[in-house]
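**Student:** Sharing a structure below in structure tokens format, with a few things to ask.
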Amino acid sequence: MYNNKSMVATEFIDDEEIKNTLKYAKENANNIELIDAILDKAKEANGLTYKEAAILLESDLEYIKERVFSLAETLKKRFYGNRIVMFAPLYLSNYCVNGCVYCPYHHKNKRIARKKLTQEEIKLEVMALQDMGHKRLALETGEDPENCPIEYVLESIKTIYSIKHKNGDIRRVNVNIAATTVENYRKLKEAGIGTYILFQETYHKETYEQLHPTGPKHNYAYHTEAMDRAMAGGIDDVGLGVLFGLNLYKYDFVGLLMHAEHLEAANGVGPHTLSVPRICDADDINANEYSNAISDELFQKIVAILRIAVPYTGIIVSTRESEKTREKVIKYGVSQVSGGSRTTVGGYAEEEKIDENSAQFEVSDHRTLDEVVNWLLKLGYIPSFCTACYSEGRTGDRFMRLVKSGQIANVCQANSIMTLKEYSEDYASEDTAILANDKIKSEIELIPNIKVKEIVIENLHSLDEGKRNFRF
């Protein structure tokens with residue numbers, strides 16, 4: 001029986017409740033009066049229930065789609081302005097004991113070269129990322145208790161934070177590793193991680209178990225309940241995600257929002273981020289074998305409705321998506337994008353030596369970080385390398401209160417300007433630097449608080465003199 005405060009996976013992600021929700025959504029897909037009421041409610045920026053969001057997803061009425069996209073764009077600007085946070089994945093190891101049928105890291109795959117970075121190799125990877133301009137990383141590993149134990153991950157985090165190369169430093173390390181224990185989550189918290197990210201892949205239990213036939217990940221309950229253990233271990237910020245295309249997208253869409261509601265109800269804080277990857281090719285994985293793939297148009301609609309349903313939550317899209325697709329979903333809801341990404345172990349420091357068949361997935365956007373920054377500036381966005389909230393302890397419920405009240409914009413705009421200035425001074429190409437400095441000048445004039453504006457201008461002068469890492 002459905003209970004959003006329960007800590008039992010099959011109770012807060014209830015199969016019957018999801019099926020009933022999808023049935024209810026289909027019955028009301030053309031109910032203009034109800035849908036208008038839902039969209040009017042969404043204007044208040046307090047979010048929607050999974051049932052309300054399911055109706056919007058089910059409706060194919062052109063009038064409704066236009067309203068959804070318009071409102072999503074409005075709410076995106078209200079909560080995130082024109083800021084886009086930049087990050088990069090860093091793959092530490094591709095050893096894995098699981099049998100996930102959609103991932104080339106599965107233990108039966110003998111075609112890829114298995115590799116685990118040494119601490120010295122991690123240093124080289126991090127310096128390469130710092131030389132691009134990155135300040136925020138997402139650590140990725142396969143699941144292998146022998147080759148990649150928690151102690152290795154903790155040591156790697158310590159190494160990453162210790163590296164100060166030229167003007168570079170990594171200021172936030174987010175972690176995407178397999179579900180683990182409360183004790184291990186506590187260790188990750190003590191190591192200073194930012195967000196703990198774990199993709200559910202699919203919320204449909206039977207399908208989940210079929211897709212994960214062997215290994216620890218086969219345990220649906222242990223995997224689905226991981227975020228509650230992470231929060232019990234003191235991790236404030238967690239990130240949810242599903243791999244669209246593995247299962248029926250409507251089911252997983254509802255499951256994702258149901259999980260978000262559960263975290264809010266049971267722990268007092270909803271997800272810090274939602275990730276929306278789509279399945280794609282990699283080594284022995286052919287995405288065309290999965291009949292549930294979603295179109296670009298549908299993908300944009302999903303992102304837009306997620307933005308409406310959870311307006312306070314960051315939405316992440318990776319280089320799995322093309323430049324064209326990323327441009328559209330940024331407009332309607334995405335607030336974080338990767339740039340210059342490598343999805344292979346050791347792919348940054350020794351890029352030319354890497355066998356691309358060892359990548360976890362094929363990258364669709366191959367542009368450098370500078371090219372992505374340049375592109376965002378031309379589209380009118382501020383590429384932000386800000387990690388101030390993490391550094392200042394604005395995480396968990398403290399962060400959510402600021403976001404929901406709209407007060408976070410008072411610090412985010414200033415911080416994005418200052419971090420863009422750092423990027424412009426240290427890493428940007430000549431063309432990108434010109435665009436960045438022009439953007440900085442125009443954005444300063446939009447800062448409403450006179451005192452904040454004065455401090456930003458003063459800090460920008462200090463940045464010109466070589467000082468770094470200013471933040472509100």
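Readers should treat all values here as calculations from the given coordinates under stated rules, not as data from a laboratory. This structure is a prediction, so every number in the text was calculated from the model and none was measured. Glycine also receives a Cβ, built like all others from the backbone with ideal geometry; neighbour counts cover every protein chain displayed.
**Student:** Add -39500 (n - 2.57) for each DSSP H run of 4 or more in the chain, then divide by its residues: what number comes out at 222 nm, to the nearest 500 deg cm²/dmol? Please report the intermediate quantities before stating the final value.
**Tutor:** Values: 20 runs with 226 residues, N = 472.
The per-residue figure over the chain is -14500 deg cm²/dmol.
**Student:** Each residue of the range 91-101 in turn: what ³J(HN,Hα) in whole Hz from Karplus with 6.51, -1.76, 1.60 and θ = phi - 60°, glycine and Pro shown as x?
**Tutor:** 8, 8, 7, 10, 5, 7, 9, 7, x, 3, 6
**Student:** Something else now. Greater than 26 Å separation of Cα atoms is the criterion. Which listed pairs, 77/441; 76/158; 19/65; 76/123, meet it? Numbers along the way, then the final one.
**Tutor:** Numbers: 77/441 20 Å; 76/158 35 Å; 19/65 23 Å; 76/123 36 Å.
Cα-Cα > 26 Å for 76/158; 76/123; rest within.
**Student:** Give the cross-link partners of residue 110 among the lysines, using a straight C-alpha distance below 23 Å as the criterion and excluding same-chain residues fewer than 8 apart.
**Tutor:** Residue 110 reaches 217, 353.
**Student:** Which order do peptides 59-69, 419-429 fall in by mean Cβ count within 10 Å, highest first? Don't jump to the answer; show the numbers that get you there.
**Tutor:** Numbers: 59-69: 16.2, 419-429: 21.4.
Per-residue mean Cβ counts within 10 Å order the peptides as 419-429, 59-69.
**Student:** Just one of (1) 120, 66, 43; (2) 62, 54, 38; (3) 100, 66, 48 is Cα extents along the principal axes in Å calculated from these coordinates, so which is it?
**Tutor:** Recomputing Cα extents along the principal axes in Å here picks out (2).
**Student:** Something else about it: Go through 292, 219, 130 and say which Cα lies farthest out towards the positive end of the charge dipole of the chain; charges sit on Cβ, +1 for Lys and Arg, -1 for Asp and Glu.
**Tutor:** 130
**Student:** Turning to a different aspect of this structure: What order, most packed first, do the peptides 451-464, 248-261, 374-387 have when packing is the mean number of other Cβ atoms within 10 Å of each residue? Could the numbers behind the result be given before it?
**Tutor:** On the way: 451-464: 14.4, 248-261: 22.6, 374-387: 20.9.
Final packing ranking: 248-261, 374-387, 451-464.
**Student:** Moving on. Report, in debye and to the nearest 20, how large the dipole of the range 343-472 comes out about its Cα centre when Lys and Arg carry +1 and Asp and Glu carry -1 on their Cβ.
**Tutor:** Numbers: 15 positive and 23 negative charges, 215 e Å.
That gives the range 343-472 a dipole magnitude of about 1040 debye.
**Student:** List the aspartates and glutamates whose alpha-carbon lies under 19 Å from that of residue 324, not counting same-chain residues fewer than 8 positions away?
**Tutor:** Candidates past the 8-residue exclusion: 73, 281, 296, 297, 362, 365, 370, 371.
**Student:** Could you check the simple spin-label distance between residue 210 and residue 5, using points 7 Å along Cα→Cβ, in nm with one decimal?
**Tutor:** 3.6
**Student:** Shifting gears a bit: Order 161-172, 191-202 from most to least packed using the mean count of other Cβ atoms within 10 Å. The partial results should precede the final answer.
**Tutor:** Numbers: 161-172: 16.5, 191-202: 21.8.
My ranking of the peptides, most packed first, is 191-202, 161-172.
**Student:** Which whole-Hz couplings ³J(HN,Hα) result when phi for each residue of the range 63-69 is put into the Karplus expression 6.51 cos²θ - 1.76 cosθ + 1.60, θ = phi - 60°, listed in order with x for Gly and Pro?
**Tutor:** 4, 5, 4, 4, 5, 4, 5
**Student:** In sequence order, what are the phi-derived ³J(HN,Hα) couplings for the range 407-420 according to the Karplus relation 6.51 cos²θ - 1.76 cosθ + 1.60 with θ = phi - 60°, rounded to whole Hz, with x for glycine and proline?
**Tutor:** 6, 4, 4, 5, 9, 5, 4, 5, 5, 5, 4, 5, 6, 5
**Student:** Any chance you could check the Cα centroid distance between the range 443-472 and the range 166-184 for me, in angstrom?
**Tutor:** Each part reduced to its Cα centre gives a spacing of 29 Å.
**Student:** Here is a further query. Modelled label-to-label distance, residue 450 and residue 158, 7 Å Cα→beta-carbon offset: nm?
**Tutor:** Taking the simple label geometry, residue 450 and residue 158 are separated by 5.1 nm.
**Student:** Would you pull out the residues with amide H under 5 Å of residue 315's amide H, same chain only if 5 or more places away, H placed 1.01 Å from N?
**Tutor:** Here the answer is 274, 335, 336, since their amide H atoms fall under 5 Å of that of residue 315.
**Student:** Sticking with the crude label model, points 7 Å out along Cα→Cβ, report the distance from residue 66 to residue 323 in nm, one decimal please.
**Tutor:** Inter-label distance under the simple model: 3.1 nm.
**Student:** Give, in nm to one decimal, the length gained when the segment between residue 36 and residue 292 is fully stretched (0.36 nm per residue of separation minus the Cα-Cα distance).
**Tutor:** 89.2 nm
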